[in-house]
1. Subtracting the Cα-Cα distance from 0.36 nm times the residue separation, let me have the gained length for Tyr206 to Gln260 in nm, one decimal.
2. In whole Å, what is the distance between the alpha-carbon centres of the stretch 336-354 and the stretch 52-113?
3. Which FRET efficiency value, to the nearest 0.05, is calculated for Ile38 and Glu359 with the Förster distance at 60 angstrom and r the Cβ-Cβ distance?
4. Between Ser313 and Tyr163, what is the spin-label point distance in nm, taking each point 7 Å from the Cα along the Cα→C-beta axis?
5. Quick check: residue separation of Ala104 and Ser372 times 0.36 nm, minus the Cα distance between them. What number comes out in nm?
6. So, for the stretch 289-432, what is the accessible surface per residue at a probe of 1.4 Å, expressed in square angstrom?
7. Could you give the Stokes-Einstein D for the stretch 33-149 in µm² per second, using the C-alpha Kirkwood radius, 4 °C, 1.567 mPa s?
8. May I ask you to work out the translational diffusion coefficient for the stretch 11-57 at 20 °C, viscosity 1.002 mPa s, via Stokes-Einstein with Rh from the Kirkwood sum over Cα pairs, reported in whole µm²/s?
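The values are calculated or read from the model by the stated rules, or taken from the named source; none is laboratory data. Computed from a predicted structure; not experimentally measured. Methodologically, a virtual Cβ is constructed for each residue, glycine included, from the backbone with ideal geometry; neighbour enumeration extends over all protein chains shown. Surface areas here come from the heavy atoms of the whole protein model, side chains and all, with no ligands, DNA or RNA. Shrake-Rupley method; radii C 1.70, N 1.55, O 1.52, S 1.80 Å.
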Amino acid sequence: MEKFLIMFCAMLSCFIVAYIVFQFMDERYQRSYQKKFIYILSVVGTTLIMTILNLLNIPILNLSAWLMLVAIGARVLYFENSTNSVKRIAECEAFLIIIAFTEAFGVILIKWLLQITAVQIDNPVMVTCLEVTISKIPVIFLYYIAVRGFIKKYAVIHNKLQYIACLVLFLYSFINTLVIMSGLLHDLDNGLFAVDMCCIVLADLYLLYFIKVTDEKKAYVMKVRALEQQANLQYDYYLQQEQNYNQTIQILHDTNRHIQAIKELCVSGNTEETIKYAEQIGSILKPLIPTKYTGNAILDILLSDKVRQIENSEISFIVDLDGISFDFMEAIDITTIFGNLLDNALESCESIQDRKDKEIVLTAERFQEIVSVTIKNDCNPVKWRSGMPVSEKGENRGIGLLNVRKGIDKYDGNLKLRENEGKFIAEFFLNT
């Protein structure tokens with residue numbers, strides 16, 4: 001029975017480490033093969049090999065085998081375009097060493113608990129099982145709560161409920177450990193306690209994995225909403241331009257009539273009516289002709305649309321782009337970045353009820369290969385969370401800024417948001 005318990009605990013320990021290491025590689029790199037069973041067999045094979053070597057109780061052999069198997073897995077089963085195989089292997093080996101130190105911390109923690117509670121367990125096999133299994137709890141929490149936040153290619157999204165769940169789970173594991181120690185002290189059924197230890201570790205692993213899946217789902221939902229918001233923005237822009245086009249066609253359709261009317265007024269010598277008629281035609285054409293702010297057709301049209309949008313409001317729109325050309329940007333990025341930020345600025349100004357002298361200021365400067373753009377607008381007091389303004393747009397809040405950041409990242413840029421003396425300032429840098 002004792003040999004079986006030792007083998008069972010060793011297998012559980014090796015499975016936890018192998019599973020977390022391969023999950024680290026899964027989330028950090030790209031898989032070299034499409035078939036999932038290859039990676040399932042890799043985890044199972046690594047678990048079996050390391051269980052056999054663990055039972056030999058040769059620490060140097062055990063560590064060397066882990067390092068070799070992890071290196072083979074990182075080299076053969078995964079790839080990453082931005083890193084070579086040497087760096088990839090080094091990262092995985094470093095992560096394995098971190099796991100080893102964390103396990104050692106777990107063992108020290110168990111011994112410390114035994115010492116401060118004055119619990120003396122006479123069965124050395126159960127002491128070993130306790131140390132091997134419970135030491136995996138810090139490893140599991142370290143990976144899912146801390147490490148994943150640094151290695152994920154998308155932001156790990158934790159909310160308060162998830163943090164509370166993790167805290168409750170950790171306290172549950174800690175209290176259950178104390179119960180097991182108390183039971184071992186009274187020499188109760190060792191088999192039941194071995195099963196209990198197994199359940200604690202596997203429950204932690206499963207529930208934290210469930211939180212991981214929830215995070216990934218949130219990230220994918222955010223991506224879908226971001227794409228939808230970007231598509232809607234482009235569609236609205238298209239509809240606006242279609243309306244402008246139709247107005248232009250209508251005017252061009254009546255061009256000959258307008259010209260004939262002006263000729264007849266000139267022939268009749270009615271100068272005042274001629275001038276008045278020409279001004280009316282000019283006022284009709286003016287909104288259809290974009291102001292040349294930068295020379296980039298898309299950006300000039302977008303800015304002209306925003307000027308017309310606030311034309312009859314109590315908001316002034318000041319544009320000073322210093323003649324900088326934005327031709328290095330793709331049209332969709334111009335619409336996404338400038339459209340979202342200017343829409344946010346406009347909404348912010350419109351939400352101010354007790355002021356009339358509201359303004360939006362758009363400026364840009366060039367520093368060699370870097371273009372710096374600043375959008376400053378009046379605003380009500382802004383609520384901040386994790387360095388981002390809290391929006392009141394419901395479930396779609398923050399999607400526009402997510403698209404803006406994504407667009408800016410394409411040009412190796414950076415977005416900074418801040419509030420200063422009743423002004424909201426969005427500043428971003430683009431590499432041309």
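1. 11.3 nm
2. Measuring centre to centre over Cα atoms gives 51 Å.
3. 0.50
4. Going from the Ser313 label point to the Tyr163 one covers 3.5 nm.
5. Computed gain between Ala104 and Ser372 is 91.5 nm.
6. Accessible area per residue: 53 Å².
7. Estimated diffusion coefficient is 79 µm²/s.
8. 191
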